Structure formats: structure tokens, C-alpha cells
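Visitor: Below you'll find the structure I mean.
The values are calculated or read from the model by the stated rules, or taken from the named source; none is laboratory data. Predicted model, so just to flag it, every value in this text is computed and none were measured. Heads up, the Cβs are rebuilt from the backbone with ideal geometry, glycines too, and the neighbour counts pull from every protein chain shown. With ligands, DNA and RNA removed, areas are computed over all heavy atoms of the protein, side chains included. Shrake-Rupley method; radii C 1.70, N 1.55, O 1.52, S 1.80 Å.
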Amino acid sequence: MSNVKELAGRAAAELVRDGMCVGLGTGSTVHFTLVRLAERIRDERLRITGVPTSEDTERKAREFGIPLVELGAVARLDLTIDGADEIDARFDMIKGGGGALLREKVVASISEREAIVVGEDKVVERLGVRFKLPVEVVPFAAPVVARALAKLGAAPSLRKRADGATFVTDNHNWIFDCTFAEGITDARALDGALKRVPGVVETGLFLGLAHVLFVGRADGRVERREK
Ligand code: 5RP
């Protein structure tokens, strides 16, 4: 069986053109995009600058020789390539499995195009049935936010690291992973309600942000879908 993440991640790297400023997403699928971009920089002398969406991606990009620029130095990005935890037919997504949702959403917000790279298992009919929705919160507010999340129909669990310590984001916040008994029926209403809770920094609902989708399939094909 092909590596569905590698297929999708590498295919999307072909969207990048000489001179582009590119948002670099986070995760194990985007890892293959970074590998392919590094190859193109070496083999084709491709000239790009990248804005990383996490400290992890920043480290990898430096290691692979992808030139980086500070977010503050750019007003817009030509393209961002990022992963997703779930994506539906409208290209609405749950992201944040890797904990980088806040920086990913900021970078997406200034991108002309957002390309998403996933294996076929990430394409779903309804968001939130299989994957929990990450919600990034200010640590001080966590107990208050947990009660508010429950009132909105979520069962929140504080994200932990493998060693049992509380997971801390690159922005020094915490994450509640939220289960919804029936999945997410109205993502826009839920996103609005979550953002009105004081102490919520960002949600993993990425709505109307993706333009093109690369789906790696187990039979070795990559399906490209445009919004
Ligand atoms: C990180 C993310 C990732 O893009 C998402 O979790 C997908 O990761 P992977 O490609 O490793 O499955 O949103 O915050």
C-alpha cells in the first residue's frame, strides 16, 4: 500500500512557483511537502521563502534548507500548503491534531490560496464524528472554558503529552479536545459560539479557508479537487 500522506504531500509541492512566498503547514503529511520543496530548491534552483506555522515546521524547514521569513515581513502569502484532520465536501475542516491550529489559521488568513494535503481516510461526510475538535485556551481560563464547552454540547478533555504532562502549544496555551455525541451539525454556529467564550483563543474549525485539496489514495493515485 502506498503512503497516502507522502503521495498527497509531494503532489501539492508542485503548485509552488519560482518567487513565491509560501505558508508552510504542520504535520506528518506536510513533512513530505517540505521534503519535496527541498528537492526542488536543490534540483531546479527554485527560489521561495516560507512562513512556518509551528516551531516544529520551522526546525524542519531550516534543516532542509528552505529559506524562511518572519510573518511580520509579509502582508500576504501566495500559497499555503497544510494538512487536516478531517475535511468534508464543502472543504470545511477540523485541524489542530498537531496543536498548531492558531498559527495555521493566522497564516491561512493571509494566503491567496490554501492547499490541503490528506490521506483518503481524512475525507468525511460530517466533521467531528471521528476526530475530536481542538480548542486552544488560555490556561488561566481553562476551568471556566471547560464548563462553557460542556454547555455548548461538547465533552472536553485537556490534551496531555505522552508523559502525562499538560500539552502546551507554541503560544503557551492549552488545548481541549472536544467530543460531540452526534458530530458537528452546524460548524459555523458552533465556531461563533466557541469564539464568544472568554478564554478561547482559537478553534480547530477551518471554515471556507481551503481552495484546493490533494487526497492520497491507497491505490497510489492522488486526487486533486478544486473548490
Ligand atoms: C496540526 C494540524 C495538522 O495539519 C493536522 O493535524 C494533520 O496532521 P497529519 O498530516 O500529521 O495527519 O492541523 O495542528
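Visitor: When a/c is below 1.5 the answer is rounded, else prolate if a/b is larger than b/c, else oblate, so apply that to segment 48-90 with a ≥ b ≥ c taken from the square roots of the Cα gyration tensor eigenvalues.
Guide: oblate
Visitor: Let me cross-check F32: its accessible surface, 1.4 Å probe, with only protein heavy atoms counted, in Å² to the nearest 10?
Guide: Near enough 40 Å² of accessible area.
Visitor: In a Debye calculation with equal point scatterers on the alpha-carbon sites of the chain and no solvent, what is log10 I(q)/I(0) at q = 0.08, 0.09, 0.12, 0.18 Å⁻¹?
Guide: Evaluating at q = 0.08, 0.09, 0.12, 0.18 Å⁻¹ gives log10 I(q)/I(0) of -0.28, -0.35, -0.63, -1.32.
Visitor: So how exposed is K132, as accessible area in Å² (1.4 Å probe, rounded to 10)?
Guide: 90 Å²
Visitor: Is segment 133-202 best put as rounded, prolate or oblate by its Cα gyration tensor, with a ≥ b ≥ c the root eigenvalues, rounded for a/c under 1.5, and otherwise prolate when a/b is larger than b/c, oblate when not?
Guide: Here segment 133-202 falls in the prolate category.
Visitor: Where only protein heavy atoms count, and the probe is 1.4 Å, what is the accessible area per residue for segment 148-202 in Å²?
Guide: Details: 2980 Å² over 55 residues.
Result: 54 Å² per residue.
Visitor: Round to a whole number: what % of the accessible area of the chain belongs to carbon and sulfur, probe 1.4 Å?
Guide: 52 percent
Visitor: In segment 133-202, if the dipole is taken from +1 on Lys/Arg beta carbons and -1 on Asp/Glu beta carbons about the Cα centre, which of T169, A187, A146 is farthest to the positive end?
Guide: Farthest along the dipole direction, towards plus: A146.
Visitor: Next question. Segment 61-111: which trypsin sites (Lys or Arg not before Pro) are DSSP loop and have at most 12 other beta-carbon atoms within 10 angstrom? Present the calculation step by step, with values, prior to reporting the outcome.
Guide: On the way: sites: R62, R76, R90, K95, R103, K105; in loops: R76, R90, K95.
When the trypsin sites (Lys or Arg not before Pro) of segment 61-111 are filtered for loop state and at most 12 Cβ neighbours within 10 Å, R76, R90 remain.
Visitor: Could you pull out the longest piece of the chain with no exposed loop GluC sites (Glu not before Pro) in it, calling a site exposed if DSSP puts it outside H, G, I, E, B and it has at most 14 other Cβ atoms within 10 Å?
Guide: The longest uninterrupted stretch comes out as 126-181.
Visitor: Per the helix-only calculation at 222 nm, which mean residue ellipticity applies to the chain, given -39500 (n - 2.57) for every DSSP H run of n ≥ 4 and division by its residues, nearest 500 deg cm²/dmol?
Guide: Helices in the chain give a 222 nm mean residue ellipticity of -8000 deg cm²/dmol.
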